[in-house]
Every structure is written in C-alpha cells, then in structure tokens.
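Note sheet for the following structure.
The values are calculated or read from the model by the stated rules, or taken from the named source; none is laboratory data. Just so it is clear, the structure is predicted and the values come from calculations on it, not from any experiment. As a convention, Cβ positions derive from the backbone with ideal geometry for all residues, glycine included, and neighbour counts pool all protein chains shown. Accessible surface areas use protein heavy atoms only, side chains included; no ligands, DNA or RNA. Shrake-Rupley method; radii C 1.70, N 1.55, O 1.52, S 1.80 Å.
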Amino acid sequence: GQYGVDANTSVPIITTEPQSQSNFPGNSVTFSVSVLSLSATTNQWFKNSTPLTGQTNATLTLTNVQGSDATAYHVLVGNSNGTTNSASATLSLLASGTSLEWSSADVGNSGAWDTGSSPNWINLANSQQVVFNTTDQVLFDDTANAPTSVSVNGSVAPSVFTINSTNNNYTFTGSGPITGAGSMVKKGPSTLTLNVPGGFTGSVAIGGGTVVTAGQNTLGSASSITITNGGTLDLDSQTLNNPSVIVAGAGVGGAGAIINSGNDVYNSALNITLNGDVVFGGSGRWDLASGSSISGPHKVTVMRASSGGYGEWIGVTNAMNLGDIELAVGKLGIKNMGAIFGNPAGNFIVDSGTELDFWTGDPGYAKNFHVMSGGLMQILTGFTSFSGNLTLEDGARFVAYGASGNPTETMNGAIVLNGVAHLVLGDGNFVFTNVISGPGGFVRDAYTSGTLSFQASNTYAGPTVVAQGMSVALSGNGSLSHSTPIFFGGSDSTSVHLDASGRSDQTFTLAGGQTLGGIGAVTGNLAVSAGATIAPAGTNTTIGITVGANPTGAISASGNVTLGGTTVIKLDGTGTNDMVQAGGNITYGGTLNLVNISGAPMAVGDTFHIFSAAGYSGSFTGGITPATPGSGLAWDTTQLSSGTISVVTGTSQPVLGGSFVSGTNFIFSGSNGPTGGGHNYVVLTSTNVATPLANWVPVLTNSFANDGSFHVTNGINPAAGRGFYLLQEQ
C-alpha cells in the first residue's frame, strides 16, 4: 500500500499505469491498469475527456484501430472510499504496407517467408505474385496446396499477421525472428504452431483454433494476448513472462483457453484479465508464478487433462472482483498467496476427484471453499488461522498437517457438513470457533498428534465418529447436541474420545434423539437425557471407514454419569458384557435394555457387572426390558447398588384369559395365580393405558381359588367410557 494510509479507508492506489502504444491501422490495441484496493473497485475508461460507453474493465481493447483512434486514453478507478485517475496513454498509428496472401505451391511457392527475396505471395490488390516487404499485411488462409510448413530464416516484420483457415494447419519454423509492433490475428478452427525466435512486440488476438508456442518463445515479447471465441493458447513447454492476457471462454473443445500440452512450465508470469468465464487446462503442468495477477468479475475453471495433472499458483495477485474458482479436473497447489483470494463472497469449488493443496504461508483466505463428494482440500503446513468458510459434501476430505510443535491452528470460518466428511487433522491443536452446521457429520481416523476443539454450539445433525487415540474437546459453549450417532472407535476403554472439561459445566450432555456408542472415555461428566440412548461397543463403518467392531465394551466418564434415557447393555454369557463406568457416581434413570447376544438362553445364576462407579443412586423408572430373562426366570436387581444384575428363578404370574359382557356386567377370568387359597388380589382400572401404575384406581378386592384361578365381575358404567384393567397380587 502507501505509507501512512489506512488500507480500509484508502482510495484505489494505481500500481501499473496504462502505457502509450504504437500500432498499425486495422490492428488491436489493449491498455490496462493494475490497482491496489482492499475493497472492490470500479473502472471507467475515457477517450480524451469523454467516457467510453461500456468500457468498465481493468483493460480497454480497441479493435481495427484507425486515425480517429490516435489520441489519449485514461481510466478512472474507484472504490467505496473515492476515485483515482490514471496517467494518460497515447495511441500512435504506424504506416502499413501492401496486403498479401500466401500463395499456392502450384505457382511456385517454396515455403520460405523472407524479406524482399522469395515471390511466394499474391498481392490482393492486383493478384500479382510478389515478395514480402517490411510492414506488409500478410494472410495465411485455406488456399489450395499452399505450403503449411513455413520456413522463416531471416527477420520479417509484418504490420498485420493473419492466419484465417479451417483446413490448413500452419507451422512456422526457422531462425527468424518475426519482429515488429504489428498484430498477430488467429481466426478459424485450425492449429497454428510457432517455433521461431521471439522479437514480436505487438498484440496477439486468438479468435479461433489453437496457437501453439512450440519453441524459441515466439510470443515472449508480445505486448498483449487476447483469447476469445473458443480459441486456445497452448504454451507447449514455453514460458511467457509478464504479457497482458485478456481471455474468455473454454477454448477448443472446452479443454481450456490456456493450456500446456508439453513439458512442465514453472515460471510463467501472466497478467490475466477475464472478459468472461474461462477454463485453464492442459496435459502438462503450467504454473502461474510470482508476479502474476488475475482480475475480472468472472469465473476461472482449472481443468487438467487427467486427475493426476498438477500445477501451482505461486504469489498470484487475485483482484477483489475475481469471481468463483472451480478445480474441475486435476490438482492445484497454492503458495505464498497472502490473505486475499478474490471476491470474499465468491466460491472456490473443489470437484470430485480433484485436490487443492495449500503449501506455504498462512491460508487466511476469505473465500467460500466448497469441497464436493470425493474432493480433497489439504493444508500441508502449519498456520495460525484460516478465515474461509468451508462446505463439505458426503465423502469430501479436509486434511491439515505438517506443523511442528503442535501449535494452535484456528478455523474461524463457518463450516457446513452436507454429508459425512473425512477429517484428517494432525501436528496441531485445531480450534473451530464458528458454528458447524448441516445435515452431515464427520469421521476422524488419522493422526493422534494434536487435538480437535469445538467452541460453538454446533448444529450439524450427522455422525461424529472418532477413532482410538483421537478426541473432540468442547470448550466454552461447545456442544454436539444435534449429532447422531456419536461413536468412539477402537477397543481401549481408557482412550479419551470426548473432553468436556473446558465447558463451564464440565458435562457432555447427550440430548434427546442422540445415540452414543463404541468404546472409550469422556473427560468430565456424562448426562444422558430422556429420549437419548447410550449403547457401548458395536460396529461402525461410515463412508467405508471402520473405526470400531466390538461385540461388547465399555464407555466411561471421569466424573459423574446420569442416565435419563435408554441404556442398552449387551450380554454375551456370564461375565462378558457391556459396561458403563464413572469415576464419580452413577444415577440410574430411564430404561435399562438388556440384550442377550450369546446365542444361548439365560440361566439361573448368570451374573453381569454392568455398571462401575464410586457410588450409585436412583432407579430405572422406565423399567427393564425385556421384563424377564426368559420363561420362569427373573432379574435380580437387588445388587444394582453395586452395579450388578443377576438371573434368578421367577415367581408364577397370573394370566388373563377370556372376557365377555353379561347384561350390565363386564366379566373376565384367568389362571396361574397362587394356589392353596388365602391369596388376595386387587383389580385396578384406568381410562388411559399409559397412566402411571400408581395412579390406577382400585375397584374391588377378591381371593384366588385354591387352583390359582380367578373370576371378576365388574359393573358397567356407560358414563365412564372405555376402561382398562390390571390384576395386582396382594
């Protein structure tokens, strides 16, 4: 910026002024400006003092320039704080020569392009065969039998160099060079291959087909390169430094407006202005090196020829008005890019099968990063903060490692999980300060070094799956109150998977509708709310990753455990079972669900130590399911005060039989009551079967018969509505 100026209140600072130019009539000329501004900028170009309608980009391109265009131009650049005028740049016109057409071999064309020697041209004014002279305007087209291999072994300087062909693919080779300040124009779907030394300082317009810079850096000194109308520039192993590139379109066949089909290119510095959405592609690597810039309110799509294709952006300046960026095919590395990544409201989309790698610097990019299913986004170095928002689809991967000393690395952006993402976080203590939302969840299964901490009240609704040796810490208001299932992977009950000690209540609360499973520990207290389920052990395979497969196991808390929902305990033979453990006390509540997974029926004497704590209180007010371990058996709950439950012989239970109405009476009977006489029962009634037992109303008392049968006659009260009945032994 500028010394002494606050970047937030500064008007635009012009870093590169428009430059004066000389060119031939009929050519194209481009003026450009570069600015520094923290906020979005506007542009308005002027011809002398008159504003040019519609010319509001960072570049001004004049086509088919004539004498009336030879004057001064400047641009007014503005932002929310004010405006800045650029310096004036002048267009001067040069005198151009004769219009020539490359002739057919049928009239003796030798294939040589030289100055003043070979009569390989047709004068379009009189159809005479002539030689080329400096500043002549030359045309290579689809003339039948015209030599398409053109030898340039001496300096040639055309004012206009046009290739307009469909069938003739021209190749220029030789010691050249092609020089001068004229213009090169490529039209038609054919391919133009250039392998001539560079000395050409004019403008290049690719309006169709492909221009291949096959060798000797033919376009290395061009003042500007404009690519439109589906045209393609193929670097083909050549490095271009500092030309102004004005580009739009997806290129030939949609494969890229700028591509590299040759060996790797590492050091191209291009000042790119987008006049429309653009595709960068190619089978070979090509990097945008330090000194490059991209501007224009349009989308950039990076589409390598294969998923393994790789390239880097190194120190590229992305203007604040740059639109979305999409990595569609291949891999893109980011180095030394600073904190600005184009329009902060725009998106960086990482498509399925692609890889976005941040290699150096602190990636504090204010951008919306959207990683699609099967896409990979990696931060391969330590960082202090990452400010971008992050959306992860099902099966997307977010990877961060490579720091030394496990520093604190803060993720400040909003996180949206639209599916189950794969988080690979290591070599640092990762702190997520913003809300994590969405219908999805995540699996964390790699790198035991470092921690993962949530500070916000997260609302994501999918799974939280944490492998052995890894944990999620909750601090401040951090919570997982919507995530389900929550699963602790591995088989070590002492492995801490969730740390609630940083919360003010030091409690991890499992809310209604949530499920906690697996094997592992909670640091702090564990509270299981009504409607929630705790089910130790089990198998969890999510997005193809299995983090736990255990028939039985334990979940523990270093503090107290309060059970208010459903506690599922699997029993696998005497002495082998799930367990809920507490370093403090366990408060019973809710429902206890005991599941026999042994394959053999329960037997008298089977004993299971299912809870372990320093103290026990409360009761399972929702009951125990199943009500009995089997026919003729019962649960002995008298030892739950020490965490143990056993199987004992059950007592007989009356069984309701038939029922019928007789006159004004409702009569029902049954059997299997106590035998021998002298045993009473009470009939209870309620209009709602879900009414707690304590609130049912007794209506009569009677005695079982000697054989244990019973017979009840109860008068019908039509005003009472429907009724339900229970028989209670006395």
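Measuring nothing but protein heavy atoms, the accessible surface of segment 518-665 at 1.4 Å probe radius is 52 percent carbon and sulfur. Residue ranking by accessible heavy-atom surface, 1.4 Å probe, largest first, among Met320, Met470 comes out as Met320, Met470.
Kirkwood radius for the chain, taken over all pairs of different Cα atoms as the inverse mean of 1/r, rounds to 32.1 Å. Of the whole protein surface, Ile349 contributes about 30 Å² of accessible area at a 1.4 Å probe radius.
Working note: Karplus 6.51/-1.76/1.60 with θ = phi - 60° gives segment 680-695 the couplings 9, 9, 10, 8, 10, 9, 7, 7, 10, 5, 8, 4, x, 4, 4, 9 Hz, where Gly and Pro are set to x. Here the peptides 56-67, 709-720 are ranked by packing, the mean other Cβ count within 10 Å, and the order with the highest first is 56-67, 709-720.
In terms of accessible area, using a 1.4 Å probe and ignoring ligands and nucleic acids, Arg444, Arg503 rank largest first as Arg503, Arg444. Applied to segment 103-111, the Karplus parametrisation 6.51 cos²θ - 1.76 cosθ + 1.60 on θ = phi - 60° returns per-residue 3J(HN,Hα) values of 8, 7, 5, 5, 10, x, 5, 7, x Hz, with x for Gly and Pro.
Pairs of alpha carbons in segment 216-359 separated by more than 27 Å make up 9% of all such pairs. Both numbers refer to the Cα atoms of segment 151-249; Rg and Dmax are 12.0, 35 Å. Given the C-alpha centroids of segment 695-715 and segment 612-645, what is the distance between them in whole angstrom? Going from one Cα centre to the other spans 30 Å.
Each peptide among 572-578, 134-140 gets the average number of other Cβ atoms lying within 10 Å of its residues, and from highest to lowest they stand as 134-140, 572-578. Checking the table Lys331/Lys367; Lys186/Lys335; Lys187/Lys299; Lys299/Lys335; Lys335/Lys367 against a 27 Å threshold on Cα-Cα, which pairs fail? Too far apart for the 27 Å limit: Lys186/Lys335. If one computes the Cα centroid of segment 559-603 and of segment 98-132, what distance in Å separates the two points? For segment 559-603 versus segment 98-132, the Cα centre distance is 96 Å.
In the context of the full set of protein chains, segment 440-526 has a per residue accessible area of 30 Å² (1.4 Å probe). Against the criterion of solvent-accessible heavy-atom surface with a 1.4 angstrom probe, Asp505, Asp287, Asp499, Asp106 sort, most first, into Asp106, Asp505, Asp499, Asp287.
Between segment 217-249 and segment 430-500, the alpha-carbon centres lie 49 Å apart. Each peptide in 193-199, 180-186, 302-308 gets a packing score, the mean of other Cβ atoms within 10 Å over its residues, and the list from highest to lowest is 180-186, 193-199, 302-308. Counting only Cβ charges, +1 for Lys and Arg and -1 for Asp and Glu, the dipole size of the chain around its Cα centre is about 820 debye.
An ellipsoid equivalent to segment 503-608, defined through the eigenvalues of its Cα gyration tensor, has semi-axes of 24, 18, 13 Å when rounded to whole angstrom and sorted largest first. A crude spin-label estimate for the pair Ala105 and Asn133, with each label 7 Å from Cα along the Cβ direction, gives 3.0 nm. Per-residue surface analysis assigns Tyr310 an accessible area of about 50 Å², computed on protein heavy atoms at 1.4 Å probe radius.
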